[in-house]
Amino acid sequence: GLFGVPELSCPEGFQEAQDKALQESEQLVQKACSAPPGPETVMIFDQLSDSLCRVADLADFVKVAHPDYAFREAAEEACRTIGTVVEKLNTDIELCQSLRRLLADETVMSSLDPETRRVAELFMFDFEISGIHLDEEKRKKAVDLNVRILDLCNEFLIGTHLPNKIDKNVLPEHIRYNFTAEGNYLQVAGLHADCPDDLVREAAYKIFLHSNAQQLGRLEELLASRNSLAQLVGYDTFAHRALQGTMAKNPETVRQFLEKLSERLSKRTQKDFEMMTKMKMKLNPQNSMLMPWDHPYYSGVLRAERYNIDPGLYCPFFSLGACMEGLNSLFSQLLGVSLYAEQTKRGEIWSEDVRKLAVVHESEGLLGYIYCDFFQRPDKPHQDCHFTVRGGRLKENGEYQLPVVVLMLSLPNSARGAPTLLSPGMMENLFHEMGHAMHSMLGRTRYQHVTGTRCPTDFAEVPSILMEYFANDYRVVNQFARHYKTGQPLPKNMVSRLCESKKVCAAADMQLQVFYAALDQIYHGKHPLKKSTTEILKETQEKIYGLPYVPNTAWQLRFSHLVGYGAKYYSYLMSRAVASMVWKQCFAQNPFDRAMGERYRREMLAHGGGKEPMLMVQGMLQKSPSVEDFVDALVSDLDHDFETFIMDS
């Protein structure tokens with residue numbers, strides 16, 4: 001069966017696994033309601049969460065990645081069923097009372113360890129944001145809103161990826177071949193951001209981002225429903241609800257962070273736009289005004305021209321085998337952890353190119369499993385991500401339930417006999433996703449509810465982004481980057497050039513992220529919105545980003561992160577700021593420092609979400625960073641390294 005779950009040897013098995021989980025959860029609900037207040041209450045709640053998550057998390061992965069449609073369909077159904085049960089449990093008064101009794105009992109509460117106390121509070125928070133304190137009618141409304149929001153999220157997400165069609169006669173004949181023909185129509189399925197022809201990029205931008213009434217309706221209803229739900233359960237806005245328990249804590253801090261960052265970036269961004277405009281004038285003298293479809297292309301041209309970083313020069317040094325060896329060596333030096341290939345049993349994996357790794361600590365033994373689903377295949381989503389399939393926890397019998405995760409990448413399939421070669425970007429993504437996997441393996445909490453990456457969103461990206469700093473350090477890269485034919489190491493100046501090239505137009509790139517994050521905050525802020533979502537887009541784009549809004553486009557309808565990162569898109573920037581501070585203070589001097597690696601595990605990875613995120617950051621940096629510190633860290637990363645600059649000049 002999939003992942004070694006015996007029921008899942010066929011799609012119908014999902015029904016069986018789900019029924020088993022629901023039966024188990026009913027017994028645990030009864031047990032929780034009758035147990036006297038004490039640490040056992042938290043234990044039962046966590047078992048309940050685990051019995052449902054074991055099916056839901058696994059199904060969450062299978063529904064997007066399994067090549068067999070019947071499996072995807074069955075998994076989708078299981079997700080929906082369990083999601084509905086979870087919403088019902090979050091409004092189950094009797095269940096909530098058993099937790100309330102515990103939280104109200106000061107004697108028992110003071111005897112609990114901090115992690116157990118935090119987990120009890122987190123479960124209570126789940127009840128409260130579902131409206132447990134409301135009367136029956138409002139509670140029912142909260143459940144209905146939650147279910148509606150789930151459906152809208154799925155519909156909106158599908159809509160963000162759908163191609164747009166246009167009559168082929170609208171486009172000049174010489175650019176039509178760039179798009180897929182379908183009868184008299186052309187399909188535009190993306191922005192063609194890397195295409196050297198300005199006209200192709202302009203056409204793709206205007207057609208792919210053309211407003212769509214249906215998708216607009218979904219977005220408006222989604223934002224309004226999220227706002228109604230937040231207000232129903234006692235929050236001013238959806239953002240206030242979403243940011244509870246995060247590093248930022250509230251929308252005011254996020255606003256301050258984004259405003260200060262935008263202010264500090266503005267002069268640099270202007271310079272970047274001027275450089276891109278000059279380049280555009282040089283290549284296209286008739287039309288030199290910089291437009292939104294120019295930014296990704298011309299920043300790439302500038303990078304390539306200034307630093308000659310053709311990925312083809314780098315790929316031969318980054319074979320997948322060498323990169324995995326590099327990760328293994330880094331983890332072993334830093335954390336005492338090694339990766340071992342494991343044989344899989346029949347039916348355990350969903351595609352024959354999936355590899356299973358055992359993660360083993362030198363003294364603690366087996367920590368968990370990572371399934372590597374690295375290669376492209378038809379119907380597989382083109383995104384790199386980390387899925388928790390089973391969370392770690394301490395079981396009732398004293399054994400530890402080992403965590404299981406999947407890392408999904410979209411690497412090209414290699415030619416027969418040749419190794420898979422990664423571009424520098426793919427190599428960095430591999431390190432990034434491995435950062436999540438290590439968090440899952442080393443966040444060995446007692447409770448599954450807060451295991452590994454089950455922590456606030458603005459902290460969850462810290463371990464993965466920190467790995468990018470390792471991937472861009474010559475001392476680390478030099479340990480594994482070897483030419484697959486000659487065995488020659490990657491020259492140091494090539495690594496320096498690559499790192500410096502990433503700083504070309506980096507201020508403008510970051511300003512674009514600030515714009516997305518600000519837009520997300522406004523959409524999830526005070527309702528009813530003062531203007532339409534498109535007018536807000538236009539206003540925010542011109543105020544923060546600086547490149548003109550293009551009439552009749554609605555970029556927000558392609559903003560798929562509004563689903564999983566609603567009111568939290570700023571997390572990428574804030575996590576990067578923390579990762580940057582941790583790198584500079586703890587690892588820049590020696591990226592293999594075992595004592596620092598142990599401190600990193602102890603202070604940041606070991607707690608999962610079982611400790612307040614700011615306290616973990618404080619433990620690592622030995623100070624509590626301010627918004628200004630975050631902004632300083634991000635801006636200082638944009639400065640060129642003087643030594644490389646002189647060498648290259």
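The values are calculated or read from the model by the stated rules, or taken from the named source; none is laboratory data. Note that the structure is predicted; figures quoted are calculated from it, not measured. Backbone-built Cβ (ideal geometry, glycine too); neighbour counts: all protein chains shown. Areas reflect the complete protein model, heavy atoms only, side chains present, ligands, DNA and RNA absent. Shrake-Rupley method; radii C 1.70, N 1.55, O 1.52, S 1.80 Å.
Values as computed for the structure displayed
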quantity	calculated
Residue match in the range 398-415 (condition: among the polar types (S, T, N, Q) and at pLDDT 95 or above)	yes
All helices (runs of 4 or more DSSP H) inside the range 539-649 with 1 or more residues being of a type in the set (K, R) and open to solvent by less than 50 Å² (accessible area, probe 1.4 Å)	594-600
Neighbours by Cβ (under 6 Å, 6+ apart or cross-chain): first from the range 616-636, more than 10 Å from V578 (Cβ to Cβ); second not in a helix (DSSP H, G or I) and not aliphatic (A, V, I, L, M)	Q618/S624
Check on G452, free of Cβ contacts under 8 Å to residues at least 40 places away in the same chain and either within 17 Å of the chain's Cα centre (by Cα) or not assigned by the TED database to the domain that holds G391 (or both)	no
Residues within the range 528-538 that are closer than 11 Å to F515 by Cβ and in a loop (DSSP other than H, G, I, E, B), tallied	0
Scan of the range 126-153 for residues that are at pLDDT 90 or above, within 24 Å of the chain's Cα centre (by Cα) and under 11 Å from T91 (Cβ atoms), ordered by number	D126
P296 vs. criteria open to solvent by 40 Å² or more (accessible area, probe 1.4 Å) and either modelled with pLDDT under 95 or in the same structural domain as E428 (by the TED database) (or both)	no
Which numbered condition L8 fails, given (1) more than 30 Å from K140 (Cβ to Cβ); (2) among the aliphatic types (A, V, I, L, M); (3) out of contact with any Gly (no Cβ under 6 Å at 6 or more places or on another chain)	(3)
Subset of the range 107-125 that is among the hydrophobic types (A, V, I, L, M, F, W, C) and assigned to a helix (DSSP H, G or I) - its residue that is farthest from the chain's Cα centre (by Cα)	V108
Search result, residues across the range 323-338 that are over 18 Å from Y469 (Cα atoms) and crowded, with 21+ Cβ neighbours inside 10 Å	V337
Positions within the range 237-276 being of a type in the set (S, T, Y), buried (at least 21 other Cβ atoms within 10 Å of the Cβ) and closer than 30 Å to G610 by Cβ, in sequence order	T246
2 or more residues in contact with a Leu (Cβ under 9 Å, 6 or more places away or on another chain): qualifying strands (runs of 3 or more DSSP E) within the range 126-223	164-167
Identity of the residue in the range 169-190, in contact with a Lys or Arg (Cβ under 7 Å, 6 or more places away or on another chain) and under 29 Å from P285 (Cβ atoms), that ends up surrounded by the most Cβ atoms within 10 Å (Cβ to Cβ)	L186
Of all residues making up the range 440-472, the number that are open to solvent by 10 Å² or more (accessible area, probe 1.4 Å), assigned to a helix (DSSP H, G or I) and within 19 Å of Y570 (Cα to Cα)	3
The lone exception for Q15 - which of (1) more than 30 Å from the chain's Cα centre (by Cα); (2) within 30 Å of R346 (Cβ to Cβ) it fails	(1)
Residues of the range 358-376 satisfying the condition of being free of Cβ contacts under 8 Å to residues at least 40 places away in the same chain and over 17 Å from N429 (Cβ atoms)	A358, V360, H361, E362, S363, E364, G365, L366, Y369
Any hit, the range 367-380, residues being crowded, with 16+ Cβ neighbours inside 10 Å, among the β-branched types (V, I, T) and under 20 Å from the mean Cα position of the chain (by Cα)	yes
Qualifying residue in the range 218-236 (condition: among the polar types (S, T, N, Q), within 30 Å of K611 (Cβ to Cβ) and either modelled with pLDDT under 95 or buried (at least 19 other Cβ atoms within 10 Å of the Cβ) (or both))	no
Complete set of residues in the range 473-490 that are assigned to a loop (DSSP other than H, G, I, E, B) and either loosely packed, with under 14 Cβ neighbours inside 10 Å or not aliphatic (A, V, I, L, M) (or both)	D473, N478, Q479, F480, H483, Y484, K485, T486, G487, Q488
Every pair of residues 6+ apart whose Cβ atoms lie under 9 Å, when the first sits in the range 579-591 and is among the hydrophobic types (A, V, I, L, M, F, W, C) while the second is part of a loop (DSSP other than H, G, I, E, B)	A579/E461; M581/P625; W583/D473; W583/P591; C586/D593; F587/D473; F587/D593; A588/D473
Flag for A142 being hydrophobic (A, V, I, L, M, F, W, C), in contact with a helix residue (DSSP H, G or I) (Cβ under 8 Å, 6 or more places away or on another chain), open to solvent by less than 60 Å² (accessible area, probe 1.4 Å) and within 25 Å of E24 (Cβ to Cβ)	no
Which numbered condition L320 fails, given (1) under 26 Å from L191 (Cβ atoms); (2) crowded, with 20+ Cβ neighbours inside 10 Å	(1)
All positions within the range 403-435 that are more than 20 Å from V477 (Cβ to Cβ) and open to solvent by 10 Å² or more (accessible area, probe 1.4 Å)	V404, S410, P412, N413, S414, A415, R416, G417, A418
